[in-house]
Each structure stands twice: as C-alpha cells, then as structure tokens.
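What follows is one structure encoded as structure tokens, with my remarks underneath.
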Amino acid sequence: MAETWDDCLRLSAELLARCRQRGWRLATAESCTGGLIAGCLTEHAGSSDVVDRGYVTYANRAKAEMLGVREATLASVGAVSEETAREMAEGALARSGCELAIAVTGIAGPGGATATKPVGLVHVAVAAQGSATAHVRHVFPGDRQAVRLATVAAALRLALDVSGR
C-alpha cells in the first residue's frame, strides 16, 4: 500500500510527542526528500519545541561541508549508500547538538539509476545520543512522489523505533 501525506503527518505527530516526552530535540539531514521530512514535522503547530534544524544536502559537496561526510566515503561507495546515510545522521547529530538526527539518501527517479542502484533505492539512518546508529535499506516502488513519500514514512518509523529504546 502506498504511503500518503496523512500517514506521514500521523507518524510525525507521534515522533514529536515521543521527543517531547524524552525532552529531545531533533535534526534532519535530507538528500532525496529535499526537506520533506522537516516539512512534515513542521506541519504541526508548536513543533519548534522539538525540531531544531534541517539540512538539505542534495549535492555531495553539501554532504561533506555541512555534515562532515567523508570524501573517501563518497568516492568509494557513493552518496546512495548505507555508509553515507550513517555519516549524514551522525554528522547532523554532532553538528546540531540535538539528541536525535534522521538522515535519508536515495534515488527517487525517474533517472539516476545504475545497475546496482535502482530507482527507489533509499538508505535511512537515525542517530541518537547514547545509541548505535540505526540503518534500513529500502527499494520502494512507484514514481518519484511515491518514493519520496515512502521515504518520509520509513524515516519517521525508524526514528520512532530508535526514540522508543
């Protein structure tokens, strides 16, 4: 079943409530979603007590400069990889001073795919202070909009999982 914006809004409301319960602030580091995760979170009035900042790092240079993703990582495994997603989340966590950071990188399409990295491939990572960074890999079906919405929902679900530990 395809994710809807309403699904994302419900998940983001749950995450905001969870962060409030824990006294956590969060940051996002987004590539393929271009700020949709931060946009979804900030759809809710009063979200500024949780949402601290969002990094939209579409280009590799932005990932390196803003989040500290290593050039060696980008050169060896590329922007769409588990390693890059983890470094994005950990960089956002370290640079923001927040307790939780959500990162996504992927290929929303319709172009940009390779033989080993199809359209719909997305890596999601969530870093939290005092926890190991969590990662999930997905290959979502559908067009660009469907992939991006599914990515937002997957990122919010992983953040809910990590924040519930």
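Strictly greater than 20 Å: what percent of every Cα pair in segment 1-83 meets that? Tail fraction, whole percent: 43. Projecting the Cα atoms of Tyr58, Gly142, Ala29 onto the dipole axis of segment 25-156, where Lys and Arg carry +1 and Asp and Glu carry -1 at the beta carbon, places Gly142 farthest toward the positive end.
For Ala127, the shell of other residues with beta-carbons less than 12 Å away shows a net charge of -1, using +1 for Lys and Arg and -1 for Asp and Glu. Remark: relative contact order (the chain) = 25 percent; criterion is Cα-Cα distance under 8 angstrom and separation of 6 or more residues. The dipole here belongs to segment 64-145: it is taken about the Cα centre, uses +1 on the Cβ of Lys and Arg and -1 on the Cβ of Asp and Glu, and is about 160 debye.
Of the options Ser47, Ser96, Thr73, report the single residue whose Cα projects farthest towards the positive end of the charge dipole of segment 26-165 (beta-carbon charges: Lys, Arg +1; Asp, Glu -1). Result: Thr73, furthest along the dipole toward the positive end. A simple rule links phi to the HN-Hα coupling: the Karplus curve 6.51 cos²θ - 1.76 cosθ + 1.60 with θ = phi - 60°, which for segment 102-118 gives 10, 10, 9, 8, x, 10, 7, x, x, x, x, 7, 10, 4, 9, 10, x Hz, with x for Gly and Pro. Counting every C-alpha pair in the chain, the share spaced more than 20 angstrom apart comes to 43%. Rounded to the nearest 20 debye, the dipole magnitude of segment 12-139 is 60 debye, with +1 charges on Lys and Arg beta carbons, -1 on Asp and Glu beta carbons, and the Cα centre as origin.
Count Lys and Arg as plus one, Asp and Glu as minus one, and take only other residues whose Cβ is under 12 Å from that of Val80; the net charge is then +1. Remark: segment 6-165 carries 42 Å² of accessible area per residue (probe radius 1.4 Å; ligands, DNA and RNA excluded). Here the convex hull built on the C-alpha positions of segment 100-165 has a volume of 70 cubic angstrom per residue.
The values are calculated or read from the model by the stated rules, or taken from the named source; none is laboratory data. Note that the coordinates shown come from a computational prediction; the quantities given were computed from them, not determined experimentally. Counting neighbours? That spans all protein chains shown, and the Cβs are built from the backbone with ideal geometry, glycine included. What goes into the accessible areas is simple: the full protein's heavy atoms, side chains included, and nothing from ligands, DNA or RNA. Shrake-Rupley method; radii C 1.70, N 1.55, O 1.52, S 1.80 Å.
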